[in-house]
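Novice: Dropping the structure in here first, questions after.
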Amino acid sequence: MVRWVAEFVRGLESDEIASATSMLLGRAFPRWDQRVLEVSWATLSKTIRSIANVDRTTYSYAFNKTGDAGDAVKIILEQGKIRKQATLFQERLTILEVQRTFETIAESIGVGSKEKKERLLKTLFGCATPLEAKYIVKVLIGEMRTGFSEGLMELAVAQAFKVPLKAVRTASMLTGELGEVAALAKAKGKEGLLKLGFTLFRPIKPMLAQMAASISEALDEHEGLTALEYKLDGARIQIHKLGDKVEIFSRRLTDVTSSFPEIANLVIAEVQAYKAILEGEVIAVGEHGVPMAFQHLMRRFRRTHQIEQFAEEVPVKLYLFDALYVDGQSLVDEPYTERRKKLGAISGNIPLAKQIVAQNVGAGESFLKEAVEAGHEGLMAKKLDSLYTPGIRGKKWFKIKQILEPLDLVIVAAEYGTGRRHGWLSDYHLAARDNETGKLYIIGKTFKGLTDAEIADMTYRLKALTIKEEKYKVLVAPQIVVEVAYNEIQKSPKYVCGMALRFARITRVRDDKRVDEVDTLQKVQQIYESQFEKKSRPLGSG
Ligand code: AMP
């Protein structure tokens, strides 16, 4: 496989290499990229059925027979009476055209986006051969099932462009995306890769965190060796310093130095290193340094005039939490504990994000409570021996939000699952009751929390309660009450009630509760507001 891929990648045009390499790994975009395709199974299957002119039964049959969406699509397109699309692409589909379509799909958000995505997919599949369609589907789903992993791809890139494997690995870590490394290996060879190291004033993709549901989950994953830090609710910045010159980059790697002149000055005055790349969080603060909600800070960003006036209105405070490079020495391969020590040694009077080394769940939970009481968002859990992995959202860092009170909600609809959960009602729509009208309003959806056996049981129960069958969904009489945990309540236009639960998961089926006992929208609203209670308000807003 490595040899095949190496030959294939070597034969590509320079501008195709990055995309092709990512797509071979099942990624429509570079790994650090925030864009997502968000094409649902429903949309995918609808598009394929319409192109191949087959009904649902034929589609389901092919899917059940192969157990793989890509294979199923190939079979269907081979057999179907394909309606040729009026095509944008005149000749054969190219890698770059596929890439551009993915980008347009990712950019389609909001009203009408579903229809737009369907149109784009129709055009794309309309031009693809069945074999091409098979792999486009796999990239869309993000699951190649070829057995060709990131590690093998590193080998293939090294082979294709005759560069040392180690150089590929390091470059991949620094850029966070093998595709870019492959393109660079072709263009500039080994020298190009080795030069990639740290260049001051060229920002590095930040290391990212996964969400953990609780302190104990983070402690388990880190085998008890974790540091907890306040998770500050502001903007992440990467600071590059060379003597008296400082530049500040946002998380998206744009230069925001001019928005934060006081931070640049502070770094010049305090940091005890000639050269440094440091990371921290800038938060907006109100009276007595109490944090303000995130949106106030946003007023400071992308500001090109009246900076001084806004600096007064929205005072900011910097907390540092990492050091990637200090005076010629890269620290990314040093464990977290060493980096933190080094950071403490050079940070002068700039505070570090408050930290403890967690000994047990109880201590962690009190620290979380303390962070929230002080107006912060929650905690970060960082594995003590973890290295800094640029651009990677791994399990070495977890974010843990404040624990909010669970809600008892009623299931009002359910959708059929896919893959392993094909045929089971496994995605549940959850509703709360309006205290005033007694009506039920959906506030979230989840497919998390139940075991396979519980899902099977739930499917039978819900089928017996079905009021209306839709294509992939059944509407049910509101009878089954479940207890739901979640990490956040957001204002959201997604549901009629204007609020939505994030990271909802069912923690228990409450057969002891009746539908008229479910929690109310008013209570949800109250919890929503409590999320901000500890924040201070901007000056002058009363
Ligand atoms: P996420 O961006 O969703 O991966 O969540 C992590 C984000 O939390 C980082 O990008 C930072 O902007 C922010 N953050 C706040 N406090 C810390 C901290 N102590 N360590 C790391 N990141 C932090």
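Novice: Considering only residues that are surrounded by fewer than 22 Cβ atoms within 10 Å (Cβ to Cβ), within 20 Å of THR199 (Cα to Cα) and modelled with pLDDT of 95 or more, which ones fall in the range 332-341?
Specialist: GLU334
Novice: Something else about it: Restricting the first residue to the range 345-363 and requiring it to be over 15 Å from GLY289 (Cα atoms), which pairs with a second residue that is in a strand (DSSP E or B) and not small (Gly, Ala, Ser) meet a Cβ separation below 6 Å and a spacing of at least six or different chains?
Specialist: Matching pairs, first to second residue: SER347/LEU320; GLN355/GLU229; ILE356/LEU228; ALA358/THR226; ALA358/LEU228.
Novice: Something else now. From the list ALA269, ALA323, pick out the single residue that is open to solvent by less than 80 Å² (accessible area, probe 1.4 Å) and either in a loop (DSSP other than H, G, I, E, B) or over 25 Å from GLY391 (Cα atoms) (or both).
Specialist: After ruling out the rest, the residue left standing is ALA269.
Novice: Somewhere in the range 247-260, is a residue assigned to a strand (DSSP E or B), away from the ligand (no atom under 15 Å from the Cβ), closer than 19 Å to PHE198 by Cα and touching a strand residue (DSSP E or B) at 6+ places or on another chain (Cβ under 7 Å)? So that I can check it myself, show each step before the final result.
Specialist: Going through the range 247-260, the residues assigned to a strand (DSSP E or B) turn out to be 247-250, 255.
Keeping just the survivors that are away from the ligand (no atom under 15 Å from the Cβ) gives 247, 255.
With closer than 19 Å to PHE198 by Cα added as a condition, the list becomes 247, 255.
From what's left, touching a strand residue (DSSP E or B) at 6+ places or on another chain (Cβ under 7 Å): 247, 255.
Yes: the range 247-260 contains one or more residues that are assigned to a strand (DSSP E or B), away from the ligand (no atom under 15 Å from the Cβ), closer than 19 Å to PHE198 by Cα and touching a strand residue (DSSP E or B) at 6+ places or on another chain (Cβ under 7 Å).
Novice: Just one of (1) closer than 17 Å to MET211 by Cα; (2) assigned to a strand (DSSP E or B); (3) of a type outside the set (Phe, Trp, Tyr) trips up GLY364, so point out which.
Specialist: (2)
Novice: Which one is nearest to the ligand (Cβ to nearest atom), of the residues in the range 209-246 that are part of a strand (DSSP E or B) and surrounded by fewer than 18 Cβ atoms within 10 Å (Cβ to Cβ)?
Specialist: First, pick out the residues of the range 209-246 that are part of a strand (DSSP E or B): 209-211, 226-231, 235-242, 245-246.
After this cut, where a residue has to be surrounded by fewer than 18 Cβ atoms within 10 Å (Cβ to Cβ) as well, the list is 210-211, 236, 242, 245.
Working: GLN210: 8, MET211: 8, ARG236: 3, LEU242: 24, LYS245: 24 Å.
Looking at the filtered set, the residue picked out is ARG236.
Novice: A further question on this structure: Test ARG340 against the criterion of being assigned to a loop (DSSP other than H, G, I, E, B) and either assigned by TED's automatic domain parsing to the domain that holds THR389 or more than 18 Å from TYR274 (Cβ to Cβ) (or both), and give yes or no.
Specialist: Criteria not met by ARG340.
Novice: Any residue that is open to solvent by 40 Å² or more (accessible area, probe 1.4 Å), touching a residue at least 40 places away in the same chain (Cβ under 8 Å) and touching a strand residue (DSSP E or B) at 6+ places or on another chain (Cβ under 6 Å) - is there at least one of those in the range 522-532?
Specialist: no
Novice: Same structure again: When only residues in the range 384-411 that are open to solvent by 30 Å² or more (accessible area, probe 1.4 Å) and under 30 Å from LYS439 (Cβ atoms) count, which is nearest to the ligand (Cβ to nearest atom)?
Specialist: This residue is GLN402.
Novice: Among the residues of the range 372-383, what is the count of those that are more than 10 Å from the ligand (Cβ to nearest atom), crowded, with 17+ Cβ neighbours inside 10 Å and farther than 17 Å from GLN210 by Cβ?
Specialist: 2
Novice: In addition: Filter the range 459-497 for residues that are among the aliphatic types (A, V, I, L, M), surrounded by 14 or more Cβ atoms within 10 Å (Cβ to Cβ) and not in a loop (DSSP other than H, G, I, E, B) and give the result. Working first, answer last.
Specialist: Narrowing the range 459-497 to residues among the aliphatic types (A, V, I, L, M): 462, 464-465, 467, 474-477, 480-482, 484-485, 489, 496.
Now narrow it down to the ones that are surrounded by 14 or more Cβ atoms within 10 Å (Cβ to Cβ): 462, 465, 474-477, 480-482, 484-485, 489.
Matches in the range 459-497: LEU462, VAL474, LEU475, VAL476, VAL481, VAL482, VAL484, ALA485, ILE489.
Novice: From the list ALA311, ALA284, ALA293, ALA323, pick out the single residue that is within 15 Å of the ligand (Cβ to nearest atom) and over 29 Å from THR337 (Cα atoms).
Specialist: Details: ALA311 fails: within 15 Å of the ligand (Cβ to nearest atom); ALA284 fails: over 29 Å from THR337 (Cα atoms); ALA323 fails: over 29 Å from THR337 (Cα atoms).
Going through ALA311, ALA284, ALA293, ALA323 in turn, the sole match is ALA293.
The values are calculated or read from the model by the stated rules, or taken from the named source; none is laboratory data. Because the structure is predicted, anything quoted here is derived from the model rather than measured. FYI the Cβ positions are ideal-geometry reconstructions off the backbone, even for glycines, and counts take in every protein chain you see. Quick note on the areas: whole protein, heavy atoms, side chains included, nothing else; ligands and nucleic acids left out. Shrake-Rupley method; radii C 1.70, N 1.55, O 1.52, S 1.80 Å.
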